[in-house]
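Trainee: Dropping a structure here in structure tokens format, bear with me for questions.
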Amino acid sequence: MTTPALLPLSGRRLPPLNLGASAFPHHRATLRLSEKFILLLILSAFITLCFGAFFFLPDSSKHKRFDLGLEDVLIPHVDTSKGGKNLGGFLIHGQGHDEHRHREEEERLRNKIRADHEKALEEAKEKLKKSRDEIQAEIQTEKNKVMQELKKKDSKPLPPIPLPNLIGINSGEPADPDIREKRNKVKEMMKHAWDNYRQYGWGHNELKPIARKGHSTNIFGNSQMGATIVDALDTLYIMGLHDEFREGQEWIDKNLDFSVNSEVSVFEVNIRFIGGLLAAYYLSGQEVFKIKAVQLAGKLLPAFNTPTGIPWAMVNLKSGVGRNWGWASAGSSILAEFGTLHMEFVHLSYLTGDPVYYNKVMHIRKLLQKMDRPNGLYPNYLNPRTGRWGQHHTSVGGLGDSFYEYLLKAWLMSDKMDTEARKMYDDAIEAIEKHLIRKSNGGLTFIGEWKNGHLERKMGHLTCFAGGMFALGADGSRDDKAGHYLQLGAEIAHTCHESYDRTTLKLGPEAFKFDGGVEAVAVRQNEKYYILRPEVIETYWYMWRFTHDPKYRQWGWEATQAIDKYCRVSGGFSGVKDVYSSSPTYDDVQQSFFLAETLKYLYLLFSNDDLLPLDNWVFNTEAHPLPVLHLANTTLSGNPAYR
Ligand code: DMJ
């Protein structure tokens, strides 16, 4: 017998293994050793097989998950003390009895599978008898069930956060009966606006008070998001209209859904919806508002996915795809839009403990800080792809306004810790004063607009908010110019009052000129409308809070009467197309900001200062009050002001 040779697969013979002569002195010994070797090989193969079986047998716990009615047969167990044998985690009872039981179980299982198949066949036959519509309705019901389940999951409570010190909610009743009466009149107007919206526009974004139906604009996208409900909530609350508030809360709880295929304005949704929901949360303590605000904010985040982190103006809530307004200079984003997110986003980080919101807005700030500013002014347009300014237009009205407002309010909201924001605000208004603020021949102080190196002597209704802003920022101003800024606020309030007083309806036009012998009067027909805007009344209220000069209440009352006389219709309140005409025509829109801002500022003007005191509350640009945050103990990474 020759030493077995190893046959390779190719059939080529390998040379015999040379184990050395000393290892195999003669043939017999070699034969015995080979037998032993083969036996050993067989034995080791057997052991390997046993080990393999042990390790590769399926996991008993997995068996149990699939409910095939096998639980009676396979009982995971580790306790052998009760007479059974433990094999791989399964307890096997007495062998003969077990085999019988096993067969029974197999039979039972087969029957069950057969029955299930028959049932499924029957169901399918039944389904086919139904009409296409019925089948679709059933599918929809199933879908809705799944959606409800998902919503429930989405609505899980956020981590508890200590509420800031909330002072001055639900009071402010004035002692003076005349002022009380005025305040009640404003409340009655709010009720008229709300009740009609409730009746004719419920769930729609806004109301057409003459056509008596819902209304919307592209800023809210194409779905019914109940903008008026969300915007009005906090006004209802502070006016003590609690039944109406609850109705609104119920609608929001049941119907406000952000998983819609709708392209919305990031800015508008932030100031009206997130601002409105956060204010409603802080005032009422109802979790639903906080949860909805956070859900919505999550839907806005994809708008920040641009090469620079400057968000798109619009975002599709479902797909997250963003883009800019077609009319904005060379695909730019708008300063007043991407620059008016800070307050709400800081609150979102505060309430969720998630720095993502804070980081987004701080990134915008850092980017703006690094950029060159022509004459120290911020242009209204910035390209989110290139990070470069668009047209060199600067405005404290439309397209620019609330960016400056939020710099100041970021500082106030941080309990004056965010000194970086205050510095940016101070620098900005110094440049504005130098280049945009002028006195007319008739002595009216106005804020013009900078367009390609030229000052346009025109002021918008929107710009009138700046009177209140200057007054609000007076305390803490650079070089202790508090008196100067309070005076500047008073001058702007006066000019804006003149723009109202010089009209037939005593309501302010959209824009007015200081040129060619014209002062505080609209010239172009398309600038003569009043759409229930709040900015002039907003400034009266701030001036009232800081000076207590009764003229501001008087001016506010003039505006209240004019709105009630010329804008009130039986189906709500409408804007008017020409404030210089004695027989105005209506635009047939009750704007959501009329309930959020105009009526709220009027109500506060006729309330005591202890209702929402300015030391404790900061109003967002849509008049939604957010509490001052004492952030000393809160970690919002990045800004030393918050450490
Ligand atoms: C409101 O939505 C906000 O005040 C915004 O900042 C600009 N203007 C409208 C109301 O006029």
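Computed from the coordinates by the stated procedures, all read-outs in this text should not be read as laboratory data. This is a predicted model, so every value here is computed, not measured. Note that each Cβ is placed from the backbone with ideal geometry, even for glycine, and that neighbours are counted across all protein chains shown.
Trainee: Rounded if a/c is under 1.5, else prolate if a/b is larger than b/c, else oblate: which is the stretch 469-606, with a ≥ b ≥ c the root eigenvalues of its Cα gyration tensor?
Mentor: oblate
Trainee: Give, rounded to the nearest 20 debye, the magnitude of the charge dipole that the stretch 400-512 has about its Cα centre when Lys and Arg contribute +1 at Cβ and Asp and Glu contribute -1 at Cβ.
Mentor: 360 debye
Trainee: Quick one: order Asp231, Asp133 by neighbouring beta-carbon count within 10 Å, fewest to most.
Mentor: Neighbour counts put them in this order, fewest first: Asp133, Asp231.
Trainee: Once you have the alpha carbon radius of gyration of the stretch 537-613, what is it after dividing by 2.2 N^0.38 Å, with N set to its residue count?
Mentor: The value comes to 1.20.
Trainee: When the expected Rg is taken as 2.2 N^0.38 Å, what fraction or multiple of it is the alpha-carbon Rg of the stretch 202-256?
Mentor: 1.15
Trainee: Along each of its three principal axes, how wide is the spread of alpha-carbon positions in the stretch 177-633, in whole angstrom units, largest first?
Mentor: Sorted from largest, the Cα extents of the stretch 177-633 read 51, 51, 42 Å.
Trainee: Which of the pairs Lys506/Lys600; Lys182/Lys565; Lys185/Lys565; Lys451/Lys577; Lys182/Lys506 have their Cα atoms more than 23 Å apart in this structure?
Mentor: Lys451/Lys577
Trainee: Given Ala623, Ser607, Phe594, which one lies farthest toward the positive end of the charge dipole of the stretch 512-634, if we put +1 on the Cβ of every Lys and Arg and -1 on the Cβ of every Asp and Glu?
Mentor: Sorting the options by dipole projection puts first Phe594.
Trainee: Listed highest first by mean packing, meaning other Cβ atoms within 10 Å per residue, what order do 532-542, 198-208 come in?
Mentor: Sorting 532-542, 198-208 by mean packing, highest first, produces 532-542, 198-208.
Trainee: Using every Cα-Cα pair within the stretch 299-403, state what percent have a distance larger than 18 Å.
Mentor: Above the 18 Å cut-off, the stretch 299-403 has 46 percent of its Cα pairs.
Trainee: Order of Tyr603, Tyr586 from fewest to most other C-beta atoms within 10 Å?
Mentor: Listing Tyr603, Tyr586 from fewest to most nearby Cβ atoms yields Tyr586, Tyr603.
Trainee: Multiply the residue gap between Ser582 and Lys129 by 0.36 nm, knock off their C-alpha separation, and tell me the result in nm, one decimal place.
Mentor: Stretched out fully, the Ser582 to Lys129 stretch lengthens by 156.3 nm.
Trainee: Hey, another quick one. When Leu599, Leu351 are ordered from fewest to most other Cβ atoms inside 10 Å of their Cβ, what list results?
Mentor: Leu351, Leu599
Trainee: Can you grab the distance from the C-alpha centre of the stretch 284-334 to the C-alpha centre of the stretch 427-486, Å, no decimals?
Mentor: 30 Å
Trainee: Taking the Cα centre of the stretch 177-633 as origin, sum charge times position over the Cβ atoms of Lys and Arg (+1) and Asp and Glu (-1), and report the length of that vector in debye to the nearest 20.
Mentor: Dipole of the stretch 177-633, to the nearest 20 debye: 800 debye.
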